[in-house]
1. Run the numbers on segment A:103-147: which residues show a drop of 30 Å² or more in accessible area, chain on its own versus all protein chains together, using a 1.4 Å probe over heavy atoms?
2. What are the residues whose amide H is under 5 Å from the amide H of B:Ile79, where those residues sit 5 or more places off or on another chain and H is modelled from the backbone?
3. Based on the alpha-carbon gyration tensor of segment A:92-134 and its eigenvalue square roots a ≥ b ≥ c, which shape applies: rounded if a/c is under 1.5, prolate if not and a/b is larger than b/c, or oblate?
4. A:Arg128 versus B:Asp133, label points 7 Å from Cα toward the beta carbon: distance in nm?
5. Among bridges DSSP assigns within chain B, what percent are antiparallel (round to 5)?
6. For chain B, take the longest principal axis of its alpha carbons; what is the angle in degrees between that and the long axis of helix B:37-46, to the nearest 10 within 0 to 90?
7. Can I get the semi-axes of segment A:133-180's equivalent ellipsoid? Compute them from the C-alpha gyration tensor as square roots of 5 times the eigenvalues, in angstrom, largest first.
8. How far apart, in nm, are the 7 Å Cα→Cβ label points at B:Gln12 and B:Asp76?
Amino acid sequence: MKPPVPEIPVPVWRNFKDLQEWEQLHQVRPEGDKHSSAFLSITEGIHSFPGGFVVTTAADAFLNWARKSSVWPVTFGLACCAIEMMATFASRFDVERLGMVPWASPRHSDLMIVSGTVNIKMAPMLKRIYEQMPDPKWAVSMGSCANSGGPFRHGYFVVKGVDRVIPVDVYVPGCPPPPESLLNGLLLLQDQISHFRRTGKRAEPNPKVD
Amino acid sequence: MTLDQARTLIGQQFATAQIEAAVEGGPVVVTVSPDQWTAFAAFAKQDLRCRFFSFLTAVDWKDAGLELVVRLDNLDDRIGLMMKTKLGPGVSECPSITPIFRGANWMEREAYDMFGIRFAGHPDLRRILLSDDWEGHPLLKSYAVDTPHPPYR
């Protein structure tokens, strides 16, 4: 006699036709980083006040130092680049001396290192994790696949560059990039963060640094 | 049962089947018509005792149409069987062998996903790898690879 077959309930996500439909339920922010308008107008007022730029630049310097000294990357590994990313996080290269603590929750993180091939089925999840991170946030595209699709660019399933899904600050080339390359990219990102102006707005791209 | 006995048995049971010339150490390669597809699969399981279903896939020969390829193995007697069928130009219908080999279930779903072959008699013919709203079947030669697929491409 056979034991009775248990009835498995249908998973919740079956009710959604696609994750993209789920994405539409959430707010999309095309405007980028959000700032409080009152905070912006106060800082602009102080900056335009005679001699007030001393205050804002000092505040900028302090806040940017604080921001760049504790960039917490979310551990988001997609493919073989994740192995190099883990090596970067481990004791030999040790990004913790730069203030980077690999954290397993996007809600506590400031940086997303997209390490690996992003395919069309994965892109909505990647975008959702990026949108779960609090502002200000940054993204590093690691490796050829995340930069442009890499060797899979002519495949039918690949997003041809992660910058078609989320805004990217630093592109690290390589297939995969060794830990030294990623470390260089992270230092470049810290340089970019230190170029924030008026207490939080992104600076114009600087060809010397970027 | 040896390879030669298997060959003669196939020749007796399926007179119209084309058996390719033997290759040293290779499998028995048989091409049958789509009408005999399920009958041949049942024959391979029962009489040739090929109980191990290895894989099912398809080949797009452009103007000549699609060709279905299945590899079966008789692990006791070390007989490999490669059974093929040509669907003909423009045809994407084929009888399913899932009632005979349960392992063919997901393989046929994948063949449907990638080549658009409708397997008649399959219990649950849905896409397996690509998302449900995907348009087209990407491993067909006629599929344009660089067609935009909003919103991420």
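1. Residues shielded by partner chains are A:Ile120, A:Lys121.
2. It is B:Asn74, by chain and number.
3. Oblate, since a/c reaches 1.5 and b/c is not below a/b.
4. 1.4
5. The antiparallel proportion sits near 70 percent.
6. With both axes taken from Cα atoms, the answer is about 50 degrees.
7. 20, 15, 6
8. Placing both labels 7 Å beyond Cα along the Cβ direction yields 1.8 nm.
The values are calculated or read from the model by the stated rules, or taken from the named source; none is laboratory data. None of these values were measured; they are calculated from a predicted model. Note: ideal-geometry Cβ built from the backbone for every residue, glycine included; neighbour counts use all protein chains shown. For accessibility, only protein heavy atoms count, side chains too; no ligands or nucleic acids. Shrake-Rupley method; radii C 1.70, N 1.55, O 1.52, S 1.80 Å.
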